[in-house]
Amino acid sequence: MLIGIPKEIKNHEYRVGLTPASARELVARGHRVLIQSNAGAGIGCPDDEYRCAGATIAQTADEVFALADLLVKVKEPQADECRRLRAGQVLFTYLHLAPDRQQTELLLASGVTAIAYETVTDVHGGLPLLAPMSEVAGRMAIQAGAAYLEKPKGGAGVLLGGVPGVAPGRVAVLGGGVVGYNAALIAAGMGADVTVIDRSNERLRWLDERFGNRIQTLFATRSNIEAATRAADLIVGAVLVPGAAAPRLLSRDDLRHLRSGTVLVDVAIDQGGCFETSRPTTHAEPVFEVGGILHYCVANMPGAVPRTSTFALNNATLPFVEAIADQGWEAAMRNNVHMRNGLNVHRGQMVNEAAANALGLNWLSFEKALA
């Protein structure tokens, strides 16, 4: 199979679909890898490293899109990329379709088979291809939030760890999954006063066992969310409903009750955001202010640390890329229900129920879509 790796074109996106080591593994299995020139430059992997791995270098994205049987990317295809896709081609990347009607319509029109990293599952009910970037984003949420709490950057002027004689900053983490756990880990490590809110008692028990008295946990009721966020200096939105739009946990009216200079970091922005006032931002312009409240809503947070992110992502994605290349996408999905759950679009039809419902579109089951 010819596997194509175009250079990412989203704002300040430096990650790449395959590392040289991953390319070498695929070449060793008898596949061909075609990678756009300088696609790996952002992670410190020049073209020569890919050549040494057995890959072929393409000078343009057009060449990659035209020739590849399987396209492996990181971020959702931008409009120009969607228009290069064709029927019979397979796209394997993050999609986040629920809040993105334009991308969805372009993918449907292309006839491509699109498999989303974020809806592939595992035997434990987890999301193994989303988890690595959730780990990165959760840790970065505190790093970014702490920076924007500084007064010259528009924040309240609070040091999360405090100092002797001065209380530490307060962090409210909405959601105790992979993002929330990693956010709490870094915030607690900095010495902040951390509260994690989740609707799963099982998850709250797990967090309590993991952290002990280093954090506090609360069950997700409206009263608990209001109390924790109104006391917080930094609020991290870390909720996820796989494939669907994120639930809105803070309304525009709720912002009136927050202290001026509070920072909101909406890690759920890829799925539409969990704050009513959220809108996607970029690494070039990461924040905006609403009613004295600073919003950090970068839709590709891990792209700022592309080397760490790319290698972490490839550790998770490579076995799935190998399965698709070795078996063909259809056989790979028939043999693995967890990969099957990643199928979002096939030949002009929606196949993921949650994403389709979020957009008000019809959808077909895997079996009917392939009939």
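The values are calculated or read from the model by the stated rules, or taken from the named source; none is laboratory data. Note that the coordinates shown come from a computational prediction; the quantities given were computed from them, not determined experimentally. Neighbour counts run over all protein chains shown; Cβ positions are idealised from the backbone, glycine included.
Here are the numbers for this structure:
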| quantity | calculated |
| --- | --- |
| Scope the range 179-203; condition closer than 18 Å to LEU249 by Cα and surrounded by fewer than 21 Cβ atoms within 10 Å (Cβ to Cβ); matching residues | ARG199, SER200 |
| Search result, residues across the range 129-139 that are out of contact with any Pro (no Cβ under 7 Å at 6 or more places or on another chain), assigned to a helix (DSSP H, G or I) and among the aliphatic types (A, V, I, L, M) | ALA131 |
| Test: residue in the range 16-25 that is part of a loop (DSSP other than H, G, I, E, B), surrounded by fewer than 24 Cβ atoms within 10 Å (Cβ to Cβ), at pLDDT 95 or above and not β-branched (Val, Ile, Thr) | no |
| Qualifying position, being in contact with a strand residue (DSSP E or B) (Cβ under 6 Å, 6 or more places away or on another chain) and of a type in the set (A, V, I, L, M, F, W, C), among ALA331, ALA369 | ALA369 |
| Conditions (1) in a helix (DSSP H, G or I); (2) within 25 Å of GLY126 (Cβ to Cβ); (3) not polar (S, T, N, Q); number of the one not met by GLU226 | (2) |
| Among (1) in contact with a Cys (Cβ under 8 Å, 6 or more places away or on another chain); (2) at positive phi - the single one PRO247 does not satisfy | (2) |
| Enumerated strands (runs of 3 or more DSSP E) restricted to the range 280-371, each holding at least 1 residues that are surrounded by fewer than 18 Cβ atoms within 10 Å (Cβ to Cβ) and modelled with pLDDT of 95 or more | 287-290 |
| ARG222 vs. criteria in contact with a helix residue (DSSP H, G or I) (Cβ under 7 Å, 6 or more places away or on another chain) and surrounded by fewer than 18 Cβ atoms within 10 Å (Cβ to Cβ) | no |
| The range 267-289 residues that are in the same structural domain as ILE235 (by TED's automatic domain parsing), paired with ones that are crowded, with 24+ Cβ neighbours inside 10 Å and hydroxyl-bearing (Ser, Thr, Tyr) (beta carbon under 6 Å, 6 or more apart) | PRO286/TYR296; VAL287/TYR296 |
| Given (1) closer than 23 Å to ASN224 by Cβ; (2) at pLDDT 95 or above; (3) touching a His at 6+ places or on another chain (Cβ under 9 Å); (4) not acidic (Asp, Glu), index of the condition GLN271 fails | (2) |
